[in-house]
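Contents: one structure, followed by commentary.
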Amino acid sequence: MKARRESLNVTQETLAQLSGVALRTLKQFESGKGNPTLQTLQKLGDALGLEVTVIIKNKGINA
């Protein structure tokens, strides 16, 4: 996310405004300290022109 933002020459402040995600929250994600929800990832992806894909793996847990 950070690499894409920087490649577009977009500041954290601008991305926060475009995505509707709080600047503090965005900074946490970029520093690896946050844990974004899928909804937040979608907002950021939309603002950065990225597609968010979710892959769910079966870890062998029997139901």
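A few notes on this one:
- Per the listing Asn35, Asn9, the residue uniquely part of a loop (DSSP other than H, G, I, E, B) and over 13 Å from the mean Cα position of the chain (by Cα) is Asn9.
- Hits in segment 35-46 - residues which are surrounded by fewer than 15 Cβ atoms within 10 Å (Cβ to Cβ) and farther than 18 Å from Glu6 by Cα: Asn35, Thr37, Leu38, Gln39
- Any pair with Cβ under 7 angstrom, 6 or more apart, that starts in segment 24-37 at a residue that is under 15 Å from Val52 (Cβ atoms) and ends at one that is surrounded by 10 or more Cβ atoms within 10 Å (Cβ to Cβ) and aromatic (Phe, Trp, Tyr): Pro36/Phe29
- Flag for Gly60 being open to solvent by 40 Å² or more (accessible area, probe 1.4 Å) and either more than 12 Å from Met1 (Cβ to Cβ) or part of a helix (DSSP H, G or I) (or both): yes
- Scanning segment 4-34 for residues that are open to solvent by less than 70 Å² (accessible area, probe 1.4 Å) and at positive phi gives Gly20, Gly32.
The values are calculated or read from the model by the stated rules, or taken from the named source; none is laboratory data. The shown structure was predicted, so the numbers you read here are calculated from the model rather than taken from an experiment. All Cβ positions, glycine included, derive from the backbone under ideal geometry; neighbour counts span all protein chains shown. All accessible areas refer to the heavy atoms of the entire protein, side chains included, with ligands and DNA or RNA removed. Shrake-Rupley method; radii C 1.70, N 1.55, O 1.52, S 1.80 Å.
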